[in-house]
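Below: the structure, in structure tokens.
The values are calculated or read from the model by the stated rules, or taken from the named source; none is laboratory data. Note that the coordinates shown come from a computational prediction; the quantities given were computed from them, not determined experimentally. FYI the Cβ positions are ideal-geometry reconstructions off the backbone, even for glycines, and counts take in every protein chain you see. The area values use the complete protein model at the heavy-atom level, side chains included, leaving out ligands, DNA and RNA. Shrake-Rupley method; radii C 1.70, N 1.55, O 1.52, S 1.80 Å.
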Amino acid sequence: MDARTGRRKAFRRFFPFLRSPLSALRSPQLALLLIAGLLPLTAWGQVEPLLAPGRAGVQVLTAAEIERAGARRLSDLFALLDGWHAYSVDEYTWYATAPGLGLMQQQEWMLLVDGQPVDVEALGVQNINLLPLHPLQLDSVVVYSVPGMHEGRMAASGALHLYTRKPPRGATARGSFSAGNEVGDPGPFLYTDRATPNIDRVGPDALGEASLAMGEGDLRASVKHSEHHVTDQQLRQRAYYQYEWAPGRRRPRLRLDAPALLLRTDGALGRHTLFAGHSRLEDLRFFDPLGLEIPTLHLFSHAGLGGDFAPGRPTGLGYRAGYTVTNLDEEPTRDHLAYDWREDRLSGHLEGRLGNRFIGAALGFGFDRVEVRTGYPVEEPSLFLSHAVGRLTLNAVRGWSQQFSAQVTHLEAERSFKGVMETTVRPTAWQTIAFTGAYAWEPFAERHDQWYWTRQGYAFLTDAGSSPALPGRFTARRSLTGDLAWMLHPAPEVWLTLTGHFRQLQGLTLDLYRYTYTALPVLGAEHFNATTQVRSGQAGRLAGGSANLRLRPLPQLEVQAHLTHLQAFTHDAAFRTVWAQQPATLASLSARYVPVPRFSLFARFRYVTSTDWQGFEPAAAQSARRFRASTPALTRLDLAAQKAFWGERLRALVAVRNALDAPFRTHPAGSVSRLTFFVQLEVDLNVGRGRR
């Protein structure tokens, strides 16, 4: 071997991605090269001005923050939310909750798109990725971590409001593609029958969009594609237990295809938006009452129309109407498990407001109709809920404002009440004191969750061999919450918010699961066996605080630190068991650095304390601790670098998730993620005035 050949081999050993283009997605050296190559030192950059906190308990994520963080899926937003906790079994479907406003079993936070509530929940699972939208289509995300009234609905468990971008004038076309690999994988990029277990493939995720903006309106059509491969060894072996092979059927994976259409007008007749989309997800959802991953074809369709005839004015009229269909269809399984579930939801709301700059009032009426279609003999498969909402706003005294909101819902012979009081006082120009108090009382039927329909005759669990122990009666739920915030603005580029939290939750219906473990060496599979006990009338109190600091020490640098701690006290045994599944403390530190124009660096460090899952103790003992009945304290560091080329028509992003390469698992039965590297390319064929 000559010296030239030796130098070539040594070079390729250090840069392994030169041996195979596909292996480039597993190379941290390539990430360093790209980051270094994307940095032309031509001029100083600047971070966008800091947004002043408009309300206590409200966080705003801008399009620039979402892009520079490398969000590929809507579920990636949860990693950017202050105080929210999220966990996942398969790293695709995430369960989330606002600080102390509910337990992880209760996925009841509200989701809105351009002023329209969108219900993506199905049998207790709320998968935000089902929305036919891509993070790059968002203009901003407003995060409500306190109760509030939104578009005629009371969100007692918090809300996420997604606002889409307004396309630039004229005809445009955009596209995005991202893919990645988990570094250190022992197997090849693609599966082969004799390969070692492959744990590396991430994505791909893609977006295609075309838009036309003229005069007072714009039309946008898009399609989103996403793939998530079940390559974690433990998750894959459990999936094999029910996954039935068929000719031409690939190994277990989740695949989503979602077209969408958005039409918007903004003129003399007001602002009106039509949003419609359909999602087709080949799902492999973990169903807690069975302890199984069940292959399912999840179909989601939504069409909504909403608007305001006098937007931004104290006197006006607003409306919204929406229709949603959720269908859990059958996929081939070993035990022929099928949810046989379809849920149709029709809703409408009309609201008028009257006022001036000192006082304002609003009154609205609406309805929600829910109908279930299934082969099981369900008693009374439809529900009709009518509601009335009112709001009173007072700004008569300088530096002081008060708002009262209330909702009364009628369901057959039962009624519910929800109310929120918001008080804001500004004693000086550099400090604000805000209090949000909320009370909610709602009967069990208003939630119409899976246990309500099970009681009505939905016998899927019985057919699957499970007999959950249900209580004799389900109690009404009551909650009382308070958030007191002190917002300080001691310097032009410094914001500090200190908040105290109190939660009193009563009449809760909680699920207690107990899992045992079974290995099937012949099939190369394993699975859990679950027993379920449902308890109603449970209660608990939570108290704690949070601190949030945002500052810009340099024009090119923005730093944000957040800490939330909540502790349970005076609680029932079931409440203590379920609350232990959530971390008591969450902390994060984020930084965005724009050293030169069109180039940015992003870093976010997160820390969550350990969680305890008593229901997995039998499985942990039977599997020789292969599964754990707890998750340890977790730390995670995410990095991203973005560079724009060709007049911002081309954007390239290189990101590293879990840069510390520490095993990251948020659920005892969940997959383990390690250091992951991926790239994302975005092409915009027309950069106009609507561009950020």
Set the Förster distance to 30 Å, then compute FRET efficiency between T475 and A210 from the Cβ-Cβ distance, nearest 0.05. 0.05
Please report, in debye to the nearest 20, how large the charge dipole of the stretch 132-184 is about its Cα centre when each Lys and Arg carries +1 at its beta carbon and each Asp and Glu carries -1 there. 280 debye
Put +1 on the Cβ of each Lys and Arg and -1 on the Cβ of each Asp and Glu in the stretch 42-686; which of L61, L269, W400 then has its Cα farthest toward the positive end of the dipole? W400
Cα lying deepest toward the dipole's positive end in the chain, options A620, A179, H501, charges on Cβ: A179
Can you tell me, using C-alpha contacts under 8 Å and at least 6 residues apart, the relative contact order of the chain as a whole percent? 13 percent
L563 accessible area, 1.4 Å probe, all protein chains in place, Å² to nearest 10: 80 Å²
Heavy-atom accessible area per residue - the chain, 1.4 Å, Å²: 42 Å²
At a 1.4 Å probe, what is the % contribution of carbon and sulfur to the accessible area of the chain? 60 percent
Over the stretch 389-524, what relative contact order in percent results from Cα pairs under 8 Å that are six or more residues apart? 18 percent
Would you kindly state the longest site-free stretch of the chain, with sites defined as chymotrypsin sites (Phe, Trp or Tyr not before Pro) in a DSSP loop (not H, G, I, E, B) surrounded by at most 12 other Cβ atoms within 10 Å? 431-645
